[in-house]
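The values are calculated or read from the model by the stated rules, or taken from the named source; none is laboratory data. What you see is a predicted model; the values in this text were computed from it and never measured. Backbone-built Cβ (ideal geometry, glycine too); neighbour counts: all protein chains shown.
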């Protein structure tokens, strides 16, 4: 998977989000489909840092060669979530003022869900190239679910995805792991 392609697409969506954040979240929230509400809540739940940490670790555990990269995965996810937490405090962007389906009191930018679900993507691509597209599709669903639930703007989730993906590149290069 070419990392520059993913970064380019994320940057394009980030620019769109910056200009149309409020319109996008208002449109998505205004066009919710009732039966999708619990599905989006479930996608958001399994896209949380805990489950991403668990699922991605289990994937590497079942690959004999992948086991030695578990510390790199953990470092990537922990570093990503730490930076997201600090950025939330520093930027202090309020959540969208829409009818939310979740009660969250923290700040919006960047999305921890988005950062967490994109952080293991390079290692999944390295060891499971056949399922990288499934993981990427799931990651996109997690990003959409956060907007659908009314807790993030588009730029929040795209910014989080960029942070998770770029930090994984940084960690893997720092540890001299080819990808």
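In this structure, residue 116 does not satisfy being assigned to a helix (DSSP H, G or I), surrounded by fewer than 13 Cβ atoms within 10 Å (Cβ to Cβ) and either touching a helix residue (DSSP H, G or I) at 6+ places or on another chain (Cβ under 8 Å) or without any contact (Cβ under 8 Å) to a residue 40 or more places away in the chain (or both). Need the failing condition index for residue 152 against (1) part of a loop (DSSP other than H, G, I, E, B); (2) surrounded by fewer than 18 Cβ atoms within 10 Å (Cβ to Cβ), just the number. Result: residue 152 passes all but (2). Within segment 17-50, the set of residues being within 30 Å of residue 126 (Cβ to Cβ) and surrounded by fewer than 15 Cβ atoms within 10 Å (Cβ to Cβ) comprises 42, 45, 50.
Can you pull out the helices (runs of 4 or more DSSP H) entirely within segment 1-83 that have at least 2 residues that are farther than 23 Å from residue 144 by Cβ? If you could, list the steps in order and put the result at the bottom.
Working: elements: 3-30, 37-46, 49-61.
Because the criterion is at least 2 residues that are farther than 23 Å from residue 144 by Cβ, the helices (runs of 4 or more DSSP H) in segment 1-83 that meet it are 49-61.
Among the residues making up segment 84-97, a single one is in contact with a helix residue (DSSP H, G or I) (Cβ under 7 Å, 6 or more places away or on another chain) and part of a helix (DSSP H, G or I): 84. Checked against the criterion of being modelled with pLDDT under 95, more than 28 Å from residue 170 (Cα to Cα) and touching a helix residue (DSSP H, G or I) at 6+ places or on another chain (Cβ under 6 Å), segment 30-42 has at least one qualifying residue. When we screen 124, 77, 147, 131 for residues that are over 20 Å from residue 174 (Cα atoms), touching a helix residue (DSSP H, G or I) at 6+ places or on another chain (Cβ under 9 Å) and either surrounded by 17 or more Cβ atoms within 10 Å (Cβ to Cβ) or at pLDDT 95 or above (or both), the only hit is 147.
So is residue 172 over 26 Å from residue 39 (Cβ atoms), surrounded by fewer than 24 Cβ atoms within 10 Å (Cβ to Cβ) and under 12 Å from the mean Cα position of the chain (by Cα) or not? Here the answer is no, as residue 172 does not meet what is asked. Out of 137, 160, one residue alone is in contact (Cβ under 8 Å) with a residue 12 or more places away in the chain and within 28 Å of residue 38 (Cβ to Cβ). It is 160. Residue-level check: of (1) farther than 17 Å from residue 43 by Cβ; (2) in a helix (DSSP H, G or I); (3) within 14 Å of the chain's Cα centre (by Cα), residue 147 misses just (1).
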